[in-house]
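> Take this structure first; my questions come after.
Every read-out reported here was derived from the displayed coordinates using simple, explicitly stated rules and does not represent laboratory data. These numbers were taken from a predicted model, which means no experiment stands behind them. All Cβ positions, even for glycine, are placed from backbone atoms using ideal geometry, and neighbour counts span all protein chains on display.
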Amino acid sequence: MRTKTDEAWERLYARFEADNLLADAAGGSMAVRRKLHLRWGAVAAAVIAGIVCLAAWWVMPEQGEDIRNFVTQENRELTTLVKTLEDGSVVYLAQESTLQYPEHFATDKREVNLQGEAFFDVARKPEQAFTIETEKVRVEVLGTAFDVRSNEDIPFSLSVKRGRVKVSLKQDGTEVFVKAGETVTLQSGELLLSKTEHPELFDRYIKNIRFKDECLENVLRAINKESSDWQIETASPALGKRRLTVEFANNSPESVAELICWTFNLKCARQGNRLILSE
C-alpha cells in the first residue's frame, strides 16, 4: 500500500505546482512537498436538499453586475471536480466544463452560470431561490435531484432523481414541473415530458471525484455522506479549515483518514463509529 501511495504522490506533484499549492510549506496548509491521491468509491456529498446534474450553455452575468465579484472554476480533467459554494451547496463539475458563481450570493437569490455539465447538491433555502440559466431554459431548484443537459445534439434535457423542479421556457414563458422518474426535453420549441429511461445516469459524476484547494471540512462532508459505517471528523474547527487537493476513487473511509493524517501529520482516534482527526 505504501508503494502505491508514494506513486500517487508523484503523479499529483505536477498538479500541485501548477495550481500554486506548494508555496509555503511551513504555513500549516496543503503547502507540503508531497501529494495526496486518495481513492474512495461512490462519493456523493449531500448538504440539505436537492442534487442537480446539469449541462448548460454559458450565460454571462447580467449587465451592470460586477464581474470582479464572480469566481470561475474550470475542469479540464477526466475526474469530476467538486466545489462547495458559500451557501453549502456542492457542485460536481464534469470534464471540459466551467462554472461561474458570485463570491457572495444576494440575500434573495442564488444564481450560477455553467458551460458544460455539472451535478449540483443544492442547500435548501426557500427564502433564497437557486436558479440555473441555460440558453433557452431557466431551471429553478425546489430541493430536488436532477440531471440537465444542453448541447449541440440535445438543446435541453432534464431528468429528476427525487423531488421536483420547475423548468421555464424563455421564449414564451411556458412552465413545466418535473418530478422524480420523469424527464423533460426541448423538442421543436416545446417542453415534452416522458419517463426517465436510464436512471443510472445520475451516478456517473460521483465515480471519480477531485477536490482542488478545498477546506478539509468540505472534503469530509462529501466522504461522510456515503459512509454508513464510519464518519470522519476533526477535533477542532480550525483543523477543518486546512486546505488540500485530493482525488477519490476506491478507498475505504479508514484509508482516507489514514492518508489525510499522513498529509497533515495528524493523529486518528476511534470513538465508536467515528474517526477523530487531531494534532
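> On alpha carbon coordinates alone, what is the Rg over Rh value for region 123-279, Rh being the Kirkwood radius?
My calculation of the ratio gives 1.10.
> Need the list of lysines near Lys109 for cross-linking: C-alpha distance under 22 angstrom, and skip anything on the same chain fewer than eight residues off.
Result set, ordered by chain and number: Lys83, Lys125, Lys136, Lys166, Lys170.
> Stretch Phe70-Glu233 to full length: gain in nm at 0.36 nm per residue minus the Cα-Cα span? Before the final figure, lay out the partial values.
Working: separation 163, 0.36 × 163 = 58.68 nm, distance 3.10 nm.
Length gained, Phe70 through Glu233: 55.6 nm.
> At Glu226 and His198, where each label point lies 7 Å from the Cα along Cα→Cβ, what is the point-to-point distance in nanometres?
1.9 nm
> I would also like to ask the following. Given the Cα-Cα distance of Gln187 and Ser168 and 0.36 nm per residue of separation, how much length would full extension add, in nm? Provide the component values of the computation, followed by the final result.
Numbers: separation 19, 0.36 × 19 = 6.84 nm, distance 1.39 nm.
Gain in length upon complete extension: 5.4 nm.
> Could you work out how much longer the chain between Glu103 and Trp262 gets when fully extended? Use 0.36 nm per residue separation minus the Cα distance between them, nm to one decimal. It would help to have the intermediate numbers written out before the result.
Numbers: separation 159, 0.36 × 159 = 57.24 nm, distance 3.18 nm.
Additional length available on full extension: 54.1 nm.
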